[in-house]
1. Taking B:S153 as meeting all but one of (1) on the phi > 0 side of the Ramachandran plot; (2) within 13 Å of chain A (Cβ to nearest Cβ), write down the number of the exception.
2. Kindly indicate the residue of segment A:177-193 that is touching a residue at least 40 places away in the same chain (Cβ under 8 Å), surrounded by 20 or more Cβ atoms within 10 Å (Cβ to Cβ) and in a strand (DSSP E or B) and also nearest to the other protein chains (Cβ to nearest Cβ) among those meeting that condition.
3. So B:T233 passes all but one of these: (1) within 17 Å of A:S250 (Cβ to Cβ); (2) open to solvent by 10 Å² or more (accessible area, probe 1.4 Å); (3) at pLDDT 95 or above. Which condition number does it fail?
4. Kindly indicate whether any position in segment B:248-260 is modelled with pLDDT under 95 and more than 9 Å from every other protein chain (Cβ to nearest Cβ).
5. Would you point out which residue out of A:T68, A:T118 is over 28 Å from A:I242 (Cβ atoms) and modelled with pLDDT of 95 or more?
6. Quick one: in segment A:34-45, which of the residues that are closer than 15 Å to A:V86 by Cα and touching a residue at least 60 places away in the same chain (Cβ under 8 Å) is least open to solvent (accessible area, probe 1.4 Å)?
7. Which condition number does A:L94 fail, the rest of (1) assigned to a helix (DSSP H, G or I); (2) open to solvent by less than 20 Å² (accessible area, probe 1.4 Å); (3) under 27 Å from A:H194 (Cβ atoms) being met?
Number of protein chains: 2
Amino acid sequence: MSIESAPVTPSSTDPAEGEFTPLPPHRGPLLIIGGAEDREGPKVILQRFVDLAGGPNARIVIVGTATTVPGEVGPQYLDAFDDLGVESAQFLSLSGRREANSPGAVEEIRGASGVFFTGGDQSRIATILGGSKVEEALHERHQAGDLVIGGTSAGAAMMSGTMILGGGDIVPSMTAVRTGPGLGFVDGIVIDMHFAERGRLSRLLAAVAVRPHELGIGIDEDTALQVDGSTLTVLGQGGVTIVDAGQGASVMAPAEAQEGSVALTGVLLHVLPSGYTFDLSTRQPQIVEAPRDATDLTAPTSP
Amino acid sequence: MSIESAPVTPSSTDPAEGEFTPLPPHRGPLLIIGGAEDREGPKVILQRFVDLAGGPNARIVIVGTATTVPGEVGPQYLDAFDDLGVESAQFLSLSGRREANSPGAVEEIRGASGVFFTGGDQSRIATILGGSKVEEALHERHQAGDLVIGGTSAGAAMMSGTMILGGGDIVPSMTAVRTGPGLGFVDGIVIDMHFAERGRLSRLLAAVAVRPHELGIGIDEDTALQVDGSTLTVLGQGGVTIVDAGQGASVMAPAEAQEGSVALTGVLLHVLPSGYTFDLSTRQPQIVEAPRDATDLTAPTSP
């Protein structure tokens, strides 16, 4: 398979250990945001989106499918991108199937260098855009590598093939999380957002308990994960929590337990702040630059 | 050392791998509760405390040092223990050093079969009881093995040698958690409570980042961890989350990061609901009874 013969990263670790099929390196980048990103201050994350989309010459389309208050959310982003010097930004509410299949909307997507998905309800993104002409155009442009796709909160959840819809039991259980299909711009992961702020570890663990081949990725607010091929890079104020239940982990239903609850043992956990990267193909964190003041308190992580 | 020549559990795993010095097996049990335990319904956790303390013949002393509303908290526990058929239960507020050193209070502790610490502010327990005659009596009776000590919320935090006092930054950092000395009834762990409910993963990780030889243990509300020697057993509605940063984990300060934030990689995570046990000497979960309907989705955890 030509994709695998062209590894995305020239890493010395062994890709055969990973469960992840590397993305074609020419795919466009993704910027997956954990919600509540700064829209009025230095806008570090939105600035990155603009940079990826071509700077001041970017042609940005904001998609408001997830929100039920487009009149509130749209102007916030238009103002933010205006502040960042973008001359061409427009808001498309795309709040119904008819719009999602309209030649006009498809034309806008085809002309964009960056498409940004607002927050709201991620199930609206799946039900309104799923299988639509707009989704088709997004995938075409993404695979051609000439479009950056960003999304925050609901717009982040939909990025993966499996999308968390809701949930929230305290104890991980087979029923503590509801999932459905996302738009699938990145494979091998399941994303949760507002992660530390809303204490969503249990729900993310519940998601990976039943699909241990997928990495669980929890993104804090005002924090983003940039996806370039199989390399994830953290950006912003918070951290990104990665749970890997696919290696030495096991999932068991205990003898004496309430309905459906499970024990998870041996899950690997990584928490990465801004500046760190993670390689999806090896399931290992990487350090791009040598850290200053590194305090390696124990043995280094073995691959 | 005589303690190590008398292993607490006849486990086949290798105790040499653990960092934990086993407790003398004759020490009294502890019941460490994550807060908000049921006091009006079936009272599963308080029932366990009563059972450990001798059933209806238990002589229970409730210590209200942590609370600033003893008039509210005291009657709740007196009613609960009365409901559970305990004939001898009394509430001691022990709200100052003078009381904590009074012969009368020491006498009550010496006569008790179970001492229960209420919630409140854990720093009050350390500053009022630390080094007092009451603390001395508690340790004597605990080490003699004829006293069960229970504690909820603040009364749970103080059980270990290192006690979490506060904190709450989203990203683990060297400064995201404030710790101080607890009363030290159990070594080798640091405890956080209201764990899932208040999303305290970051704070617990921050605590173990700087002391990777200690296991981080997060206990959910209405959930307890019973400590018998080096065996921990989960009881109640929620789960217990154990983070182990002492094996393959590493803690690093990234190149491009805000003040003090750290990355943690390769941390081992276990989440155990009611019915599961964990061995502190091997740092491994155990299953007491063979689970029914076990779904071992991946390879079993290797020791």
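1. All conditions pass for B:S153, except number (2).
2. Checking each candidate, the answer is A:M193.
3. (1)
4. So in segment B:248-260, the residues modelled with pLDDT under 95 come out as B:248-260.
Now drop any that are not more than 9 Å from every other protein chain (Cβ to nearest Cβ), which leaves B:259-260.
Yes, some residue in segment B:248-260 is modelled with pLDDT under 95 and more than 9 Å from every other protein chain (Cβ to nearest Cβ).
5. Working: A:T118 fails: over 28 Å from A:I242 (Cβ atoms).
It is A:T68.
6. So, considering only residues that are closer than 15 Å to A:V86 by Cα and touching a residue at least 60 places away in the same chain (Cβ under 8 Å), the one least open to solvent (accessible area, probe 1.4 Å) is A:I45.
7. Among (1) assigned to a helix (DSSP H, G or I); (2) open to solvent by less than 20 Å² (accessible area, probe 1.4 Å); (3) under 27 Å from A:H194 (Cβ atoms), A:L94 violates only (1).
Here is a yes/no grid of residues against (1) basic (K, R); (2) in contact with a Lys or Arg (Cβ under 8 Å, 6 or more places away or on another chain); (3) part of a strand (DSSP E or B); (4) open to solvent by 20 Å² or more (accessible area, probe 1.4 Å):
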| site | (1), (2), (3), (4) |
| --- | --- |
| B:T175 | no, no, no, yes |
| B:F195 | no, no, no, no |
| B:G199 | no, yes, no, yes |
| B:A207 | no, no, no, no |
| B:A224 | no, yes, yes, no |
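The values are calculated or read from the model by the stated rules, or taken from the named source; none is laboratory data. Keep in mind it's a predicted model, so treat the numbers as computed, not measured. Heads up, the Cβs are rebuilt from the backbone with ideal geometry, glycines too, and the neighbour counts pull from every protein chain shown. The area values use the complete protein model at the heavy-atom level, side chains included, leaving out ligands, DNA and RNA. Shrake-Rupley method; radii C 1.70, N 1.55, O 1.52, S 1.80 Å.
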